[in-house]
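Read the structure below first, then the notes.
The values are calculated or read from the model by the stated rules, or taken from the named source; none is laboratory data. Being a predicted model, the structure only gives us computed values, none of them experimental. All Cβ positions, glycine included, derive from the backbone under ideal geometry; neighbour counts span all protein chains shown.
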Amino acid sequence: MFGLGSTVEDIAKQVLLLHDDGILVFDHNMRVIFANHAAETIFGYTQRQIAGLPLNAFIPDRFHMQHGVFVDEFAREENRVKYMGERTRKIIGQRSDGSEFYAAITIMRPPVSGKPAYVAIVRDQKVTTDNDRELLRIAATDPLTGVLNKDEFSAIAEKEALRSKRYSRPFSVAVIHLDALEKLNEEHGYNVGDRALQWVAKICSNTLRNVDIFARWSGPSFAVLFPETPVNGAEIIARRLVKMIADDSFKHQEQEIKTTISIGVVGYDDRKTLLDEAMRNAAAALSDVIKAGGNDVKIFDHSAGT
């Protein structure tokens, strides 16, 4: 079947090189140390370009944090092979030109001596239609504001909270509420409420840091998770947002309309908590702000429970 002079290592290398699926091998720093011809073709790199690239080069920016958490957890699992399609969300790859594609990916953590290595077997799902791209967008985002939806936020933020808990790193959560939404609709018409939500989402998205996770939570509310950020750092950002909204206005049917937001913030350091508790406590702090008239920030007091 194979030449008598062939060694198992030679045969294995040829299989890897000639396989139809893309195969990437990463070192312990998550940089490429091997890529077969199919991987180069799928991702649009030459052999010279792909060598040494970081894992994030093959993933859209918006998924970097989510994927980092996933890889970190996989490194600590007993399972050495995992098909990523088992997750609820679709897997997206990014080519060298920035274009995206659906991918079926199997990751492996082969038992090797010394430092760990990771293998990714990638199959381009050949999704090219505009309809499929739109389905992907809808699956992860809120259709009104274009930011992450509640399900996507929960999936990403829960893992970030778990990682913070594991390493005793601080994180903070905020719930942002658009004040007087019903009043806006009564005075200016129903559509103005939607316009206000879109405006707030845009300002928040442009103001928050790249590492922060921002989403539409429900109704007039948004949620933010601030990774590796103590509560005083989250409070500074929250107060900046409140001031920006209060000092600005948006146009609707030739009218300049002003509104305000209220924010409840909670911070954790080494506390044993999960996302649902954090969201409840941030919402409790927010409730106090709204009762006091809104347009302010309240920090949840762990000692008082509010």
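A compact table of results
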| read-out | value |
| --- | --- |
| Single match in 40, 86 (criterion: at pLDDT below 75 and either more than 24 Å from the chain's Cα centre (by Cα) or not assigned by TED's automatic domain parsing to the domain that holds residue 154 (or both)) | 86 |
| Tally of residues being of a type in the set (A, V, I, L, M) and more than 16 Å from residue 209 (Cα to Cα) across region 243-256 | 2 |
| Selection from region 180-220 of residues that are assigned to a loop (DSSP other than H, G, I, E, B) and either over 20 Å from residue 244 (Cβ atoms) or touching an Asp or Glu at 6+ places or on another chain (Cβ under 6 Å) (or both) | 189, 219 |
| Test for residue 177: is it touching a residue at least 40 places away in the same chain (Cβ under 8 Å), over 15 Å from residue 286 (Cα atoms) and either buried (at least 21 other Cβ atoms within 10 Å of the Cβ) or out of contact with any Asp or Glu (no Cβ under 9 Å at 6 or more places or on another chain) (or both) | no |
| Among (1) crowded, with 19+ Cβ neighbours inside 10 Å; (2) in contact (Cβ under 8 Å) with a residue 60 or more places away in the chain; (3) in contact with an Asp or Glu (Cβ under 9 Å, 6 or more places away or on another chain) - the single one residue 162 does not satisfy | (1) |
| Failed item, numbered, when residue 224 is tested on (1) among the β-branched types (Val, Ile, Thr); (2) within 21 Å of the chain's Cα centre (by Cα); (3) not in a strand (DSSP E or B) | (3) |
| So residue 132, is it surrounded by fewer than 18 Cβ atoms within 10 Å (Cβ to Cβ) and at pLDDT 75 or above | no |
| Lone qualifier among 279, 244 - being closer than 24 Å to residue 156 by Cβ, part of a helix (DSSP H, G or I) and among the hydrophobic types (A, V, I, L, M, F, W, C) | 279 |
| Enumeration of residues in region 247-271 that are surrounded by fewer than 16 Cβ atoms within 10 Å (Cβ to Cβ) and part of a loop (DSSP other than H, G, I, E, B) | 248, 249, 253, 254, 258, 269, 270, 271 |
| Check on residue 293, of a type in the set (Gly, Ala, Ser), without any contact (Cβ under 8 Å) to a residue 24 or more places away in the chain and not in a helix (DSSP H, G or I) | yes |
| Residue 196 being surrounded by 20 or more Cβ atoms within 10 Å (Cβ to Cβ), under 23 Å from residue 163 (Cβ atoms) and in contact with a helix residue (DSSP H, G or I) (Cβ under 9 Å, 6 or more places away or on another chain) | no |
